[in-house]
Amino acid sequence: MRTKMRIMGFNAAAVKPLNEGAAAELGAELLGEGIIFMTACSCLMLEYWRHQLQHRRKEKERRVAREELQGEVGHLGLALEELQAQVHAAVPTQLALEELRAQLQEVRAVLCLQDLPPASPAEPESEE
C-alpha cells in the first residue's frame, strides 16, 4: 500500500496496515499490472529493434544499388571513350574510302567510254 501511495504522490507514512486478504489482493493486482507493463515495454522495444533492422536492410540495399549504378556508369563511360576513339580513327579511313570510291567511278566512266562501239549509221528496220 505504501508503494502504491508513493507512486500516486501521497504521503506514505500515514498509511494504516492492511489485513492479509487485502494485501494479497493488492499485491496480485500490482504484480499483474507490472507484468502487463513489462510485456508492453518488451513489445515496444522489439518493434523498435525490428524497425531499425528493416531500416538498416533497406539502406544497405539502396547503397548496393547505388554502387552498382555507379559501376555501370563508369563502365559505360569507358565504352563511350572507346567508341569515340574508334570513330576518330575511322574518320580518316572514311575519307580515304570516299576518295577511292570517287576514283573508282572515274575509272569506270573512262572504261565505259572506251568500251562503247563506234557510232554506226542507223539501219532502217525491216518489217516482216
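The values are calculated or read from the model by the stated rules, or taken from the named source; none is laboratory data. Note that the structure is predicted; figures quoted are calculated from it, not measured. Counting neighbours? That spans all protein chains shown, and the Cβs are built from the backbone with ideal geometry, glycine included. Ligands, DNA and RNA are excluded from the accessible area calculation, which covers all protein heavy atoms including side chains. Shrake-Rupley method; radii C 1.70, N 1.55, O 1.52, S 1.80 Å.
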**OP:** List every residue pair whose Cβ atoms sit under 8 Å apart, with the two residues 6 or more apart in sequence or on different chains, where the first one lies in the range 11-37 and is of a type outside the set (Ser, Thr, Tyr) and modelled with pLDDT under 85 and the second, anywhere, is open to solvent by less than 60 Å² (accessible area, probe 1.4 Å) and part of a helix (DSSP H, G or I).
**Re:** Asn11/Met5; Ala12/Met5; Val15/Met5; Leu18/Leu26
Original post:
Before we move on, is Leu44 over 30 Å from Ile7 (Cα atoms), without any contact (Cβ under 8 Å) to a residue 12 or more places away in the chain and assigned to a helix (DSSP H, G or I)?
Top reply: no
**OP:** Please work out which residue is nearest to Thr3 (Cα to Cα), limiting yourself to the range 13-28 and to residues that are part of a helix (DSSP H, G or I) and open to solvent by 90 Å² or more (accessible area, probe 1.4 Å).
**Re:** Glu25
Subject >> Extreme residue, most open to solvent (accessible area, probe 1.4 Å), among residues of the range 1-10 that are part of a loop (DSSP other than H, G, I, E, B) and at pLDDT 70 or above >> reply: Phe10
